[in-house]
Each structure stands twice: as C-alpha cells, then as structure tokens.
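Chemist: The structure that follows is given in the form of structure tokens.
The values are calculated or read from the model by the stated rules, or taken from the named source; none is laboratory data. What you see is a predicted model; the values in this text were computed from it and never measured. When we count neighbours, we look across all protein chains shown, and the Cβ atoms used for this are built from the backbone with ideal geometry, even at glycine.
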Amino acid sequence: MVGKIKVVEEREFDDWLLGFKPLQGTENAVDGSLAHEGRQLFLKLQCIRCHSATPTGKAPVLEGLYGSRADLRGGGAEIVDDQYIIESIRRPRLKVVDGWEAIMPAYDESQVSAEELNALVAYIRSLKKGATPDRTEQFPAPNGAPTERTPSPLPTPKGGQ
C-alpha cells in the first residue's frame, strides 16, 4: 500500500494544507503539505543544528513556540506569530530572544524565497512537543522515495552453495 485516503471537511483540509495542524489521527506533517515542505527546508538549511528538540545552548527550542510570548533582550516582548518568525529569519539580530546570543545568520530572498519562507513558518507553526526531528536525522528523501533502508541480499556464492 502506498498511502491512505481520508475524507475530511474542507476547513480541516485547508488547515492541514497550510500546516496549521495535522489531520485528525496523524501526528506529523504529511508529504505534500506546506509544513512538510518547510520541514525539508529546515533540515536542508541545517536549522536543526541549533534549533533542536534537545537544548543545544545555541538557540531556542521551537516546539510549541508558535503563539507564545518571547521576551526580548533589552526589554519588551513579542508574540511568536507568522510575522515574527519571518522577521526572525530575514533579520535575526533585530529582536533577539532574551538569554540567547545573536548568532543566527540572516536569510535574504536569494537564499530563501517567499514561498520557502511560508513553508518554514508553516513547519514552525505545526511543531508540538516531541515533533522536532532528531539532530542526527539527515535530509529526508524526496516524496515517494523509500524512507527506510532495506538490507541488501547476500550474494550467492559461486557454484550455487
């Protein structure tokens, strides 16, 4: 079996497509969703090196961050929403979260397109506790490619033994 089909209300489908939430009964972003595309880019850009589920001491953990309050270095606070995430990717030194160093590189339009930025936002928005991939995970295979390694058959010895 290649996949499953689930019939849902239009609103639930739109929310899933935009990465607001997984479909009922699923836990992670699904191939083809905007959040899944953002996850692939998150891994490709090596964001996971600093923003991992296990605190690295380099950057905030992103799980459950969307919609929360971020206290900023020097005073003030921001609600972590789409605009804040976009601004933090494009100009990360502008509003640094209190307790963290301004080490994140800026990503301009030549590095991350507007479409890719929307996918990253959808991915971060979808992150719930326990949803960030492990730091050891490599960039995922393209859609449709096998995701698990199968052992190669042992070669048949000469002479058929």
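The rows are residues; the columns are (1) more than 21 Å from Val112 (Cβ to Cβ); (2) small (Gly, Ala, Ser); (3) surrounded by fewer than 17 Cβ atoms within 10 Å (Cβ to Cβ); (4) at pLDDT below 70.
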position: Gly25; (1), (2), (3), (4): yes, yes, yes, yes
position: Ala29; (1), (2), (3), (4): no, yes, no, yes
position: Ala35; (1), (2), (3), (4): no, yes, no, no
position: Phe42; (1), (2), (3), (4): no, no, no, no
position: Leu45; (1), (2), (3), (4): no, no, no, no
position: Ile48; (1), (2), (3), (4): no, no, no, no
position: Ser52; (1), (2), (3), (4): no, yes, no, no
position: Ser68; (1), (2), (3), (4): yes, yes, yes, no
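Chemist: Can you find a residue in the range 74-95 that is modelled with pLDDT of 95 or more, more than 20 Å from Gln40 (Cβ to Cβ), surrounded by 13 or more Cβ atoms within 10 Å (Cβ to Cβ) and among the aromatic types (Phe, Trp, Tyr)?
Modeler: Yes, the conditions are met somewhere in the range 74-95.
Chemist: Would you confirm, using the coordinates I've provided, whether Asp14 is out of contact with any Pro (no Cβ under 6 Å at 6 or more places or on another chain), at pLDDT below 85, loosely packed, with under 13 Cβ neighbours inside 10 Å and not polar (S, T, N, Q)? Explain how you work it out, then say what you get.
Modeler: Numbers: out of contact with any Pro (no Cβ under 6 Å at 6 or more places or on another chain): yes; at pLDDT below 85: yes; loosely packed, with under 13 Cβ neighbours inside 10 Å: yes; not polar (S, T, N, Q): yes.
Here the answer is yes, as Asp14 does meet what is asked.
Chemist: A follow-up question, please. Can you tell me which residues in the range 78-98 are among the aliphatic types (A, V, I, L, M), over 17 Å from Ala122 (Cβ atoms) and part of a loop (DSSP other than H, G, I, E, B)?
Modeler: Within the range 78-98, Leu94, Val96 meet the criteria.
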